[in-house]
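The values are calculated or read from the model by the stated rules, or taken from the named source; none is laboratory data. Being a predicted model, the structure only gives us computed values, none of them experimental. We place every Cβ from the backbone using ideal geometry, glycine too, and count neighbours over all the protein chains shown.
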Amino acid sequence: MPRSDLRTRLTTTWPVGVPVLAVVVLALTWGRHLGLVPVVLVALVLAGAVLAAVQHAELIAHRLGEPFGSLLLAVAVTVIEVALIVTLMVSGGPKTESLARDTVFAAVMITTDGIVGLALLAGARRFHVAHFNPEGTGAALATVVSLSTLSLVLPTFTSSAQGPRFSAPQLAFAATASLVLYALFVLTQTVRHRDFFLPVTPTGEVAPEATHAEPPTAGAAWTSLGMLLLALVAVVGLAKVESPSIEAGVKAVGFPPSFVGVVIALLVLLPETLAAFRAATRDRMQISLNLSYGSAMASIGLTIPAIAVASIWLEGPLLLGLGPVQIALLALTAVVSILTVVPGRATRLQGAVHLTLFAAFLFLSVSP
């Protein structure tokens, strides 16, 4: 067989085979105590599932066009992440009372500082200046900041319930507001003002669609959708399988137990991180920002309503309010993000600033 044909077969078959393998490994390892060698093997399969998810997400995005492809990946990852959170809270008892808060806050910081900073740095390093649409990106950022404040900051200051939590009516209002804002944003992004979320040229005009390859057929797109969901289920499930080893490692190095949630959030958001990085290196910075802010928005807009419903049968209080250090980091991130988004272009400096804030988040998670 010619080398080019072999390369083509490998690049078209591994994204299908790896998610299936990952689900089989998940079924074999779920609920079991793993030794060192199985843990390493699971980690390798997890990495392969992440790469397969990115491959299928990009194929679907090429079929649907932007911003639908970015939206699909963000929502798919978040739905599975929400399911994992609710499952852990239902089975974990009182010790998981702050799990939703810790996970959502970690997701917000990872997306708005980690992914945005990495994408800006990569894009500006390759193309000198990264260009994007400030109208669409600003709308997304405003929604993220509003959702974060309503769901994670206000519970710290309300007085109807003891501790950093909402009363039942307040939680219902926050859940409803989250769903409404998220639904309005999706309508704006996909129908009313779709052009605001498309890649732009340095002059501010909508960039032409990439023509490096023909769009996949409908059948191939549906196959990729199934494989994407399979890969994402495997990513979240294998991250859960790896969590006891992560917990043991975190404890061994003396980090606080809450850092486990940060590590798992990083694993779950790997597909979006890789997709955003690759888009930035192809001069599609708007797609990177769509992925980042869309993921943060979906994480809050879908998690809070789901947790509000689950709280009906959950035991113990639901702690949503952030502490002073976390609020300061969130406020600083909001201010820096506004200054980054307003001009519609960014250099490596803005990327480095966001990555520095992300490093501060990680450091303070380790040393609160």
Query - Unique match (being aliphatic (A, V, I, L, M), at pLDDT below 70 and part of a helix (DSSP H, G or I)) among L73, L44 - result: L73
Query raised in the report: Do any residues in region 25-50 that are surrounded by 15 or more Cβ atoms within 10 Å (Cβ to Cβ) have Cβ atoms under 7 Å from those of residues that are modelled with pLDDT of 85 or more and among the hydroxyl-bearing types (S, T, Y), where the two are at least six apart or on different chains, and which pairs are they?
Result: P38/T29; V42/T29
Report summary line: Expected single match for among the aliphatic types (A, V, I, L, M), at pLDDT below 70 and either over 14 Å from S295 (Cβ atoms) or more than 11 Å from the chain's Cα centre (by Cα) (or both) among A83, A139, A100 is A83
Report summary line: Over region 317-359, the set of residues surrounded by 14 or more Cβ atoms within 10 Å (Cβ to Cβ), closer than 30 Å to T281 by Cα and polar (S, T, N, Q) is T333, S337, T340, T347, Q350
Report task. Determine if region 263-271 includes at least one residue that is touching a Lys or Arg at 6+ places or on another chain (Cβ under 8 Å) and not in a helix (DSSP H, G or I). Result -> no
Requested in this report: Return the pairs, sorted by first residue and then second, in which the second residue is among the hydrophobic types (A, V, I, L, M, F, W, C), the first residue lies in region 162-184 and is without any contact (Cβ under 8 Å) to a residue 12 or more places away in the chain, the beta carbons are less than 7 Å apart, and the residues are 6+ apart or on different chains.
Outcome: S167/A161
Requested in this report: State which residue pairs qualify: first residue farther than 14 Å from A172 by Cα and inside region 309-329, second residue at pLDDT below 85 and of a type outside the set (G, A, S) in any location, beta carbons under 7 Å apart, and separation of 6 or more residues or different chains.
Outcome: L314/M89; L314/V90; E315/P94; G316/P94; G316/E97; P317/E97; L319/E97; V325/P368
Requested in this report: Could you check, for region 147-160, whether at least one of its residues is over 24 Å from A306 (Cα atoms) and either of a type in the set (K, R) or buried (at least 24 other Cβ atoms within 10 Å of the Cβ) (or both)?
Outcome: no
Report summary line: Scanning region 247-262 residue by residue, those more than 29 Å from L72 (Cα to Cα) and assigned to a helix (DSSP H, G or I) turn out to be E247, A248, G249, V250, K251, A252
Query - Set L329, L339, L291: member being under 27 Å from E242 (Cα atoms) and either modelled with pLDDT of 90 or more or among the aliphatic types (A, V, I, L, M) (or both) - result: L291
Query raised in the report: Between residues in region 352-368 that are in contact (Cβ under 8 Å) with a residue 12 or more places away in the chain and of a type outside the set (F, W, Y) and residues that are loosely packed, with under 13 Cβ neighbours inside 10 Å and in a helix (DSSP H, G or I), which pairs lie under 8 Å by C-beta distance while being six or more apart or on different chains?
Result: none
Query raised in the report: Is it the case that some residue within region 284-293 is under 30 Å from G163 (Cα atoms), touching a residue at least 60 places away in the same chain (Cβ under 8 Å) and either of a type in the set (S, T, Y) or crowded, with 18+ Cβ neighbours inside 10 Å (or both)?
Result: yes
Report task. Would you point out the residue of region 226-279, among those that are under 21 Å from A119 (Cα atoms) and of a type outside the set (A, V, I, L, M), that is modelled with the highest pLDDT? Result -> F277
**Report entry** Restricting region 196-225 to residues that are loosely packed, with under 13 Cβ neighbours inside 10 Å and in a helix (DSSP H, G or I), the residue that is modelled with the lowest pLDDT
**Finding:** A218
Query raised in the report: Which one of the conditions (1) under 22 Å from Q189 (Cβ atoms); (2) out of contact with any Lys or Arg (no Cβ under 8 Å at 6 or more places or on another chain) does V336 fail to meet, given that it meets all the rest?
Result: (1)
